[in-house]
Amino acid sequence: MANKVWDSHVVHHAEGQPDLLYIDLHLIHEVTTPQAFDGLRLAGRGVRRPDLTVATMDHNTPTIGLDLPLADPISAKQIAALATNCAEFGITLYPMGHANQGIVHVIGPEQGLTQPGMTIVCGDSHTSTHGAFGALAFGIGSSEVEHVLATQTLPQHRPANMAVTIEGDLPAGVTAKDVILALIGRIGTGGGAGHVIEYRGSTVRSLSMEGRMTICNMSIEAGARAGLVAPDETTFAWLAGRPHAPSDVDWGAAVEHWRSLATDEGAVFDKEVVIDATALRPHVTWGTNPSQVVAIDGVVPDPDILTDAGQAESARRALTYMGLAAGTPVREIRVDTVFIGSCTNSRLADLRAAAAVVDGRHVAAGMRAMVVPGSMRVKAEAEAEGLDRIFTAAGFEWRAAGCSMCLGMNPDQLSPQERCASTSNRNFEGRQGPGGRTHLVSPAVAAATAVAGHFATPEDL
Amino acid sequence: MEPVRTVTGTAVPLRRSDVDTDQIIPAKWLKRVERTGFGQGLFSEWRADPEFVLNQPRFAGAAVLVTGPNFGTGSSREHAVWALLDYGFAAVVSPSFADIFRTNCTKAGMVPVQVPAEVGDALLAAVEADPSVVITIDVAARTVGGAGVSATFPLDDFTQWRFLEGLDDIGLSLRNEDEIVAYEASRPAWMPTLP
């Protein structure tokens, strides 16, 4: 399937050179683009296809006090630079406060801009999210952003293909987040390097688009170039009627094309992994990379039993940083803060799952808990259902859209040693604020943990 | 970018695996709108520890970073490469690199030198034992050597050519302008566009 999308986008092919790929959609945000626009100006180049480029502000944006000037003047300068660059080059921008503003990987699908069979890039590693629709979508650096702005193409070496087949019904309380954490725990943060992962199997087929996005989103945490899922009725139903989806007149032709993208029967992959979904449990990371993960019923592992010297040393460093002792049951780890948000888990389905757990309950004494919807549209839809009232009644803060505490570029940060159960994607040292301690979990576990004060599943409450 | 033909110099040994780009350049540094000045943010959280290897005077002035596997994992921020370059590194030696980081290196003029694990271990040990060890990376020959260790490293012909000639990637792609125009004419009209 990845090969089909690739082959249909090759503009120029020559032996010994990377293929020149056409890019159907370029998503941009304020952090990784200012240097790219400067590069264009220095070289006297323009943006080739502003009509295939869309911008939003997400990484720096505050989630409260949107009507106030930004507290951080450097963030304000970066946000202003994006607005200036978009105006100068004629690019559609959903700025702070706009009804369509949000995390770049939430608004693309939401607007129907993300469609099967497309090539999609963004100066952000979590661009892999869009693969849930059967698009070939990958993160790029700022030099490549400049390249796409100038040419609407990218020279790329063809990646290898990896199949991850997930079969069986997920047990109650086990979610897409647990599937991807389990996979990363198994193959490691470099396990997918050089590959595009295609997620297949009955479990994937029965997942919602939100669940598929969660899995594809964290493909990068497995080191993969991209992740994708073959489009099906679930995909088409999500897309129908969205602002940029094909019109009624074109719908039939589009769906016919989308159906043709699925991997052919008997296709051979360079690497294959099979996961039994029926054996999975909710997962919690204990370390400082996403492969350092255990089932919630487990204990913090002992680095001394790891056979690889490098992994053992990495685990020792992680336990010191995280302030954890080997052998501690995961459920006994007390948590200071719960963050529900990020491009991994901030869509309406994620918020519904968390709200169902906290409805009629209250967060534990001393717990800081916040919900940051992925987009202003998700926020509006959640409010229309009354989810905001469920969260605030339970003691959560209900915020405006953005990347927020996933990476702490805005004021939403952890303090040193503050321990957070987070629905985001990276538990790296200092990711949510210098010295902060991040544990990655699903929205359901995050919500239950907020209520219990320690790691918990909804069934524990 | 400027041509890069050889890199010769002493090295800093960073004996850690899975070093992510959040460590190489923490998020607070990403608010800058310039391409320069990121060297001061390089490993800034780890540099708060006086024992951290970059703080040890015996490793000052190095041109090469020698490190563990899966270097540059995580965020796509090219700022990580800019920080390494700005600090004074011209090449990174590792048993494996994260894909986006490796690509960013080749766009910004930093040589990603991927070596077999045993070569990486030998170079780390040699540099730790003797900070005056000089490492030489020859882009044309695709070789890395020093302290009695030598190895070849993978670099595709196209990227090697760009390093050796210092070629502008965008200019190269625009030589295919006619093909880009022809491709655009073939795209289905129902594909999404912005106003």
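The values are calculated or read from the model by the stated rules, or taken from the named source; none is laboratory data. In this text the structure is predicted, and so the values were computed from the model without any measurement. Please note: Cβ atoms are built from the backbone with ideal geometry, for glycine as well, and neighbour counts cover all protein chains shown. Keep in mind that these areas ignore ligands, DNA and RNA; they rest on the heavy atoms of the full protein, side chains included. Shrake-Rupley method; radii C 1.70, N 1.55, O 1.52, S 1.80 Å.
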Cα gyration tensor, the protein assembly as shown - rounded (a/c under 1.5), prolate or oblate:
rounded
When only Cα pairs under 8 Å and 6 or more residues apart are kept, what is the percent relative contact order across chain A?
17
Do any of A:K379/B:K31; A:K77/A:K379; A:K77/A:K177 go past 28 Å between their Cα atoms, and which?
A:K77/A:K177
Anchor A:K4: lysines whose Cα lies under 25 Å away (excluding residues fewer than 8 positions away in-chain)
A:K271
With the other protein chains left in place, how much accessible area per residue, in square angstrom, belongs to the protein assembly as shown at a 1.4 angstrom probe?
33
In deg cm²/dmol, rounded to the nearest 500, the helical mean residue ellipticity at 222 nm of chain B, built from -39500 (n - 2.57) for every DSSP H run of length 4 or more, is -8500 deg cm²/dmol
For the range B:6-167: rounded, prolate or oblate by the Cα gyration tensor [a/c cutoff 1.5]:
oblate
Partner shielding of A:184-193, as the mean number of partner chain Cβ atoms within 10 Å, equals 3
Could you calculate the contour length gain from A:E265 to A:D460, that is, 0.36 nm times the residue separation minus the distance between their Cα atoms, to one decimal place in nm?
65.9 nm
Between B:A185 and B:D156, how many nm apart are label points set 7 Å from Cα along the C-beta direction?
2.8
Length gained when the stretch A:A253-A:N3 is fully extended (0.36 nm per residue, less Cα-Cα span)
87.9 nm
A/B buried area, accessible surface, summed, 1.4 Å probe, Å²:
5400
At 222 nm, what helix-only mean residue ellipticity would chain A give, in deg cm²/dmol to the nearest 500, using -39500 (n - 2.57) for each DSSP H run of four or more?
-9000 deg cm²/dmol
I'd like the antiparallel share, as a percent to the nearest 5, of DSSP beta bridges with both residues in the protein assembly as shown.
30
Ignoring any ligand, DNA or RNA, what whole percent of the accessible area of the protein assembly as shown comes from carbon and sulfur when the probe is 1.4 angstrom?
53
The alpha-carbon center of the range A:274-333 and that of the range B:102-168 are separated, in whole Å, by 34
Could you pull out every whole DSSP H run in chain A that spans at least 18 Å of Cα extent along its own axis and averages 0.5 or higher on the Kyte-Doolittle scale?
A:73-89
Restricting attention to the range A:236-343, which GluC sites (Glu not before Pro) occupy a DSSP loop and are surrounded by at most 11 other Cβ atoms within 10 Å?
A:E265
Obtain the nm distance between the two label points defined at A:R45 and A:T392 by a simple spin-label model: each point lies 7 Å from its Cα along the Cα-to-C-beta direction.
4.8
Between the range A:184-247 and the range A:348-423, how far is it from one alpha carbon centroid to the other, in angstrom?
24
Residue-span extension gain [A:V299 to A:D232] - 0.36 nm each, minus C-alpha spacing:
20.2 nm
Give the residue list of GluC sites (Glu not before Pro) in the range B:15-101 that are DSSP loop and have at most 11 other beta-carbon atoms within 10 angstrom.
B:E34, B:E51
Counting only DSSP beta bridges with both partners in the range B:6-167, the antiparallel fraction in percent, to the nearest 5, comes to 45
